[in-house]
Amino acid sequence: MAVSTNSGKTAKVWTADETDISILRLLQDNARITVKEVAEQVNLSTSPVHERIKRMEESGVIKQYATLLDAASVNKSLTVICFLSLKEHNKTAGAHFIEAIGHMPEVVECFNISGEFDFMLKIVASDMDAYYNFHVNKLGALDNLGHVQSIFVMGVLKQTHKLV
């Protein structure tokens, strides 16, 4: 079955059973787990587990496999949540902003949000000087930038990418 999304693209509807959910949980806990180990934990042989994982990859349920790093270990110990609004609100202006943000490695997440601001960015930097340089020379150089509010993360109490 296919459905139309907000972007106008047609997406496949994926229906999960408990075994699929169990497989996804195992992969979220450890993306390097072998198919054999997954099969043992969900009480199936390796072939059906491999097929299920392949189907979830092809349908886009599994978007990618990632390695989560310790920010301090890679000199990115400052996290900033930045709320932004644009001066102009049209498709072209929004597209230019989104494209520019996509080329900024300091921006690790970007959300289009409702309310007082248009976007929420999660930015990582080595320290306050690096963030200041980013804010002034990269973010501040963008056309059509309206109000910007930066909030500095003092501590991380929970951080996960698990959805199921």
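The values are calculated or read from the model by the stated rules, or taken from the named source; none is laboratory data. Fair warning: this is a prediction, and the values are worked out from it, not measured in the lab. So basically every Cβ, Gly included, is an ideal-geometry build from the backbone, and we count neighbours across all protein chains shown.
Can you find a residue that is of a type in the set (S, T, N, Q) and in contact with a Phe, Trp or Tyr (Cβ under 8 Å, 6 or more places away or on another chain) anywhere in segment 119-137? Don't jump to the end; show me each part of the working.
Narrowing segment 119-137 to residues of a type in the set (S, T, N, Q): 126, 133, 137.
From what's left, in contact with a Phe, Trp or Tyr (Cβ under 8 Å, 6 or more places away or on another chain): none.
No, there is no match, as no residue in segment 119-137 is of a type in the set (S, T, N, Q) and in contact with a Phe, Trp or Tyr (Cβ under 8 Å, 6 or more places away or on another chain).
Residues in segment 28-59 that are of a type outside the set (Gly, Ala, Ser), part of a loop (DSSP other than H, G, I, E, B) and farther than 16 Å from Asp17 by Cβ: Asn30, Arg32, Ile33, Thr34.
The lone criterion from (1) within 18 Å of the chain's Cα centre (by Cα); (2) modelled with pLDDT of 95 or more left unmet by Lys138 is number (1).
Residues in segment 117-134 that are in contact with a Ser or Thr (Cβ under 7 Å, 6 or more places away or on another chain) and either more than 21 Å from Leu69 (Cβ to Cβ) or free of Cβ contacts under 8 Å to residues at least 24 places away in the same chain (or both): Phe117, Asp118. Whenever a residue of segment 93-110 is without any contact (Cβ under 8 Å) to a residue 40 or more places away in the chain and part of a helix (DSSP H, G or I), its partners that are surrounded by fewer than 12 Cβ atoms within 10 Å (Cβ to Cβ) and not hydrophobic (A, V, I, L, M, F, W, C), lying with C-beta atoms within less than 9 angstrom and at least six residues away or across chains, give the pairs Gly94/Asn112; Ile98/Asn112. Taking every residue in segment 136-149 that is part of a loop (DSSP other than H, G, I, E, B) and pairing it with any residue that is loosely packed, with under 12 Cβ neighbours inside 10 Å and of a type outside the set (A, V, I, L, M), at least 6 positions away or on another chain, the pairs with Cβ-Cβ distances below 9 Å are Asp143/Lys87; Asn144/Lys87. Of everything in segment 60-92 that is in a helix (DSSP H, G or I) and modelled with pLDDT of 95 or more, the residue that is nearest to Asn133 (Cα to Cα) is Val74.
One residue is enough: does segment 54-74 have a residue meeting the conditions over 23 Å from Val108 (Cα atoms) and of a type in the set (Val, Ile, Thr)? No; the residues of segment 54-74 include none that is over 23 Å from Val108 (Cα atoms) and of a type in the set (Val, Ile, Thr).
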